[in-house]
Amino acid sequence: MALAAVYALFLLWIVLRLFRRPASGEADFLVAGRRLTLPGFVASLVSTWYGGILGVGEYGWSYGISSWLVFGVPYYLYALVFALVLARRARGSRALSPCDQLERAWGRPAALIGAGTLFVMTAPAAYVLMLGVLVQMSTGWPLWVGVVLGTALSVSYVFRGGLRAVVATDKVQFLLMFAAFLILVPVCVAKYGGLGWLRAQLPAGHLDADGGLGWQAVAVWYAIAAATLVEPAFYQRCYATVDQRTARNGILVSIGFWVVFDLLTTTAGLYARAVLPDLSEPVAAFPALAAVTLPGLWNGLFMVGLLATIMSTVDSYAFLSAVLLGRDLLRRRALPAGALLGDEDPANLRSVRWGLLATAVLAVTLALWSGSVVELWKTLGSVGTPVLLAPLLLAHLGRGTVDAGGRRRVAWGMALAGLVSGVWLLAGRGAPLLGVEAIFPGLVVSAVLVLPVVRRRPVPQPLDSDDSPPRDR
């Protein structure tokens, strides 16, 4: 508890500091003035993308090494595509949000549909749930108390400092998340034994690639992982970098850190199942393993590392959701026809800050409603990815700006893709209907309605060259 208190005091210090030096304008608030250099980019992106740490533990305890094939490999592949194909283009677009690019390419209806979909996808409900579980395990407080307190602390410094505040805290959280598992895994090996001991203790199938689930259950995550190509955190960090090279190289370096961290967490998940085969709440696999393996001080440091890992994602996604709700949905919808959002409109910032409060309320509500982190991910990814994948990817590749009829068809394609996946999911009551996961029918609808429009009239969009002097935030 003492170490957790020190960490909480660090966050409060950030809050107080930002009250003296708030963000100075919209670009400063949303994309850190486009002055983010490689170290800050990598620390922020790596820690942001790993807030689902208890969900990884839940899946690893339940299904073994297939956790790496589900939550690791597909995301590396799509992140590599993003780095090589999209990162430089995103930075060159000079956008402040992915929805800016959607509006330029496909018009306002598509941008509004995209903003609404991204808002629901990025609302940090799964991560807020994990915060509550972690606080509950550490203190014995009710789940709702941990959810509310963790959310309030996570969004307090973002409210004042925007992306600058997120990056400042992420640098420390990046170090803590790696320290936690670099402590736990070696101690497990020394205390319990290596691979031979694991083989003897684990259930049949835990060392199989599919975890005993069958290959479609694994393959669906390779489709869901395509959400990486529409991931607003990736776009926002790319928009914030000093130049296009930093955007590309930052993602490539981040992939290396993700590989290392996945090896640590997958191994910890195996030990959790071997040491605690009768665990009643798999979402608590990592904290429970640490509690029976590490002595007091080291267990405290591990818990702080878990807390930092989750909070680094709560603040990032709460911020992104606030931008999507306040600026990209409500402010954009209120504009006259043909008008574009201004880059330095004070009303945009006010809307984002109100959106942050609304996001916090939504995240808390969804977290208390759903008991499974993994199911939240799967549901949101299955419905949201078909809506956004083709339109957003093609917009950044310069394959947009069609005539009015084509823009209407793209907007309808986005709406129908989400509707089909949502209805499919409801009809199957969360399980694959007719043996088919819900994401696939939506992707088919999107391909049928959107791709023919793009082939008809591609209009390339030149990239800006922005090589301003580097200055880390």
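Nothing in this text is a laboratory measurement; each read-out follows from the coordinates by a stated rule. Only a predicted model underlies this, so the values are computations on that prediction, with no experimental measurement involved. In this analysis, Cβ positions are derived from the backbone assuming ideal geometry, glycine residues included, and neighbour counts consider all displayed protein chains.
In the set (1) 80, 48, 42; (2) 83, 49, 47; (3) 65, 58, 39, which value of Cα extents along the principal axes in Å was calculated from the structure you see?
So the structure-derived entry is (3).
How much length is gained on full extension from R104 to V436, taking 0.36 nm per residue of separation minus their Cα-Cα distance? Don't jump to the answer; show the numbers that get you there.
Numbers: separation 332, 0.36 × 332 = 119.52 nm, distance 3.46 nm.
Contour length minus the Cα-Cα distance gives 116.1 nm.
Magnitude of the Cβ-charge dipole of the chain, K/R +1 and D/E -1, about the Cα centre, nearest 20 debye?
Result for the chain is approximately 1200 debye, rounded to the nearest 20.
Would you mind checking which residues have amide H under 5 Å from L36's amide H? H placed 1.01 Å from N; only 5 or more apart, or other chain.
Here T241, V242 satisfy the definition.
With each run of n ≥ 4 DSSP H residues scored as -39500 (n - 2.57), what mean residue ellipticity at 222 nm is computed for the chain after dividing by its residue count and rounding to the nearest 500 deg cm²/dmol?
Mean residue ellipticity at 222 nm (helix-derived): -23500 deg cm²/dmol.
Given 0.36 nm per residue, what is the gain on full extension from L368 to V448 after removing their alpha carbon distance, in nm?
My answer for the length gained is 25.0 nm.
From the phi angles alone, apply the Karplus equation (6.51, -1.76, 1.60; θ = phi - 60°) to segment 320-328 and give each ³J(HN,Hα) in whole Hz, x where the residue is Gly or Pro.
After applying 6.51 cos²θ - 1.76 cosθ + 1.60, I find 4, 4, 5, 4, 5, 6, x, 8, 7 Hz.
Pull up all non-local amide H partners of E281: gap of 5 or more, or a different chain, and H-to-H distance under 5 Å with H placed in the peptide plane.
The answer is none.
Farthest toward the dipole's positive end in the chain, which of G406, S66, V145, given Cβ charges of +1 (Lys, Arg) and -1 (Asp, Glu) about the Cα centre?
G406
In whole Hz, what ³J(HN,Hα) sequence does segment 112-122 give by Karplus (6.51, -1.76, 1.60; θ = phi - 60°), x for Gly and Pro?
These are the phi-based 3J(HN,Hα) values: 5, 4, x, 5, x, 5, 5, 4, 5, 5, 9 Hz.
If the chain between W144 and D278 were fully stretched, how many nm would it gain, using 0.36 nm times the residue separation less the Cα-Cα distance?
So the extension gain works out to 45.7 nm.
Counting only residues 5 or more places away or on other chains, whose amide H sits under 5 Å from the amide H of V436 once H atoms are built in the peptide plane?
Amide H neighbours of V436, under 5 Å, 5+ apart: none.
Could you give each residue of segment 128-138 its phi-based ³J(HN,Hα) in whole Hz, using Karplus coefficients 6.51, -1.76, 1.60 with θ = phi - 60°, and x for Gly or Pro?
Per-residue couplings from phi come out as 5, 4, 5, 4, x, 4, 5, 5, 4, 5, 7 Hz.
Segment 186-237 to segment 102-181: how many Å between their Cα centroids?
23 Å
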